[in-house]
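In what follows, a single structure is set out as C-alpha cells and then discussed.
Derivation of every value follows stated rules applied to the coordinates shown; laboratory data play no part. All values derive from a computational prediction rather than experimental measurement. In this analysis, Cβ positions are derived from the backbone assuming ideal geometry, glycine residues included, and neighbour counts consider all displayed protein chains.
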Amino acid sequence: MIQPALDLVIAALEKIRETTDRGPCASRNALEQLQSAHSLATSVGKAHVSPTERRLHQTTSNKAQILASIRERVRGCTKCAHLANSRTQTVFGVGNPDAEIMFIGEAPGADEDQQGEPFVGRAGQLLTKIIKAMGFAREDVYIANILKCRPDMPAGSFGNRAPTPAEMQMCRPYLIEQINIIEPKVLVALGAVAVEGLLAARGTMRELRGRWHSYNGTPLMITYHPAYLLRNQSPSEKRKVWEDMLQVLEHLEKPISEKQRNYFL
C-alpha cells in the first residue's frame, strides 16, 4: 500500500509544479531517494517472513544494487569515531548476492583492512579451502563480518583484537541488512565472537557448535573460526569443523562424495 501512495504523492507534486508559480519544496531526486529508501526498508523489514518467501521478492540484480547502496553508507560510517579514524578502509562483504550460504566472521584483520575484502589473510585462505572442499567456489557464497572496520590497536601494538560488545551492537544493523537482502538458505557463524555479535548471546564453542540454531527463521550452523584451526592443528578439531560443514551440505541437499565424507582439513 505504501508504494502506490508514494506514486500518487509524486504525481500530485509534479502537477503542482507545472500549474503554480511556486512549486513544492521537494526535488524529483529527493522523492526518488524516498522511493529507494522505501524499497530498502521493505527488504530489511522482512525478518518475520520465511526465507523461502523472501527469496521470491528480489532478483539478483536488485539485490546487488541494494547491497551497493548499503556499502556506500558503510564506507561513510563514523558511528564509531575511533574506528573511523584508525581504519584504512571499511570491509563490507564479498560474494554472490543470491548465495545459498553466508559465512559470518567477527571483524577485519590487518590484511582485510588493507585490501578491503573479508577473509583474505591466512584464516581467509583456510576458509576458501573449506569452501572449495564443500564443492563451491568462493564467488558462490557470501562472506561478511559483524564489524565493518578493523578494531583499532593501542600505539605500538601488533596483531588483532576482538571487537567489543558496544562496537558490535553499533555495526550489527548493517549485517542484518545484508542477511535480509541476500536471503541465504544457511548462515554459518565462525567463532564465539561472531555468535555473540549475531545473536547477542554468549556461550562456549563446545556448547554451541555442531548443531542447528536459528536466526530469524534462517538455519544457523556455528563452527570454529578458521584462525582457531591455525592455532590448533589437532586433526580432531579440524574434523569437527568439517563435520559441521557436512551438516550444511546435507541441509542443502547437496550430493556428498565418499571423498568428502572422509575429508580432513
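A few comments on the model shown:
- Relative pair counts by distance (%), Cα atoms of region 150-265, 10 Å bins: 12, 37, 35, 14, 2, 0
- Residue order, fewest to most surrounding Cβ atoms within 10 angstrom, among 102, 153, 205: 153, 205, 102
- Sequence-ordered 3J(HN,Hα) estimates for region 168-179 from the Karplus curve with 6.51, -1.76 and 1.60 and θ = phi - 60° stand at 5, 4, 5, 8, 3, x, 5, 5, 4, 4, 4, 4 Hz, glycine and proline given as x.
- Dipole-positive endmost among 165, 189, 205 within region 136-209 (Cβ charges, Cα centre): 205
- For residue 96, the residues 5 or more places off, or on other chains, whose built amide H falls under 5 Å of its own are 141, 142.
- ³J(HN,Hα) computed for each position of region 243-252 - Karplus, 6.51 cos²θ - 1.76 cosθ + 1.60, integer Hz, glycine/proline x: 5, 5, 5, 5, 4, 5, 4, 5, 4, 7
- In this Cβ point-charge picture (+1 for Lys and Arg, -1 for Asp and Glu), region 133-193 has a dipole of about 140 debye about its Cα centre.
- Region 206-261-region 126-160 distance, computed between alpha-carbon centres (Å): 16 Å
- Set of region 143-168 residues, backbone N closer than 18 Å to the point 7 Å along the Cα-Cβ line of residue 251: 143-146
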